[in-house]
Amino acid sequence: MMNKIWGMFIIIGIIFSITTRNIEIINNEMITFPNEILDIFLSMLPLMIIWSGIMNIAKDAGILKKLTNFLSPVFSKIFPDIPKNHESLGYIASNLIINMLGIHNASTPFGLKAMKSLNDLNKNKKVASRSMITFLVLNTSGVTIIATDIIAIRAKYGAVEPTMILSTTITATILTTIFGLIVDRIFYNIKGKKS
């Protein structure tokens, strides 16, 4: 489905550029854009490597497990269907903590393990469980405190204060997370009343 949507965007863009006689813009972008993307990737790579290493050290040192235990009272309210001390809580905590640090690529393996673990608890494998949906809501709400990737891009393009966005990021994260969880609960309660 996403391939079709992006394909349509490309076709519409090409048709629009031809009808407005701006075809040279597409030609210029096709030549310069790949180099720009590579530069952005290479500027972000060291940060991702450092934070991935820090998270692996934190995992091996048991820090993530301690954070999971610390966050377990909150998780028991957010994920009431997950048994206490279940491995999925550790994966969820790891995923969310890494996302909070803004290293979204490094959090993906923990997110996949969390979903697999939640699916093991799921009785109906054809339908996502309440906990799976809530976890997805938390991920899509953009739980980010330190937007490492955005800070790296801002630094690359010469921002005077690349970290100036921190207060905005924290505010946006708090609001979207609260809103996402409220909507999640509303839809869960509506579904519960219908069944």
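The values are calculated or read from the model by the stated rules, or taken from the named source; none is laboratory data. In this text, all values refer to a predicted model and were calculated from it rather than measured experimentally. Note that each Cβ is placed from the backbone with ideal geometry, even for glycine, and that neighbours are counted across all protein chains shown. Heavy atoms of the whole protein, side chains included, go into the accessibility calculation; ligands, DNA and RNA do not. Shrake-Rupley method; radii C 1.70, N 1.55, O 1.52, S 1.80 Å.
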*Does ILE78 satisfy being open to solvent by less than 50 Å² (accessible area, probe 1.4 Å), touching a residue at least 60 places away in the same chain (Cβ under 8 Å) and either in contact with a His (Cβ under 6 Å, 6 or more places away or on another chain) or under 20 Å from SER131 (Cβ atoms) (or both)?*
yes
_Scan of the stretch 107-133 for residues that are in contact with a Phe, Trp or Tyr (Cβ under 6 Å, 6 or more places away or on another chain) and either open to solvent by 70 Å² or more (accessible area, probe 1.4 Å) or within 27 Å of ILE165 (Cα to Cα) (or both), ordered by number_ = PHE110, LYS113
*Kindly indicate the residue of the stretch 10-30 that is loosely packed, with under 10 Cβ neighbours inside 10 Å and at pLDDT 80 or above and also farthest from ILE151 (Cα to Cα) among those meeting that condition.*
THR19
*Determine whether the stretch 146-157 contains at least one residue that is open to solvent by 60 Å² or more (accessible area, probe 1.4 Å), within 24 Å of ILE40 (Cα to Cα) and not in a helix (DSSP H, G or I).*
yes
_Residue check for ASN99: open to solvent by less than 20 Å² (accessible area, probe 1.4 Å), part of a helix (DSSP H, G or I), in contact (Cβ under 8 Å) with a residue 12 or more places away in the chain and in contact with a Gly (Cβ under 6 Å, 6 or more places away or on another chain)_ = no
*Read through the list (1) at pLDDT 80 or above; (2) assigned to a helix (DSSP H, G or I); (3) not β-branched (Val, Ile, Thr), then give the number of the only condition that MET48 fails.*
(1)
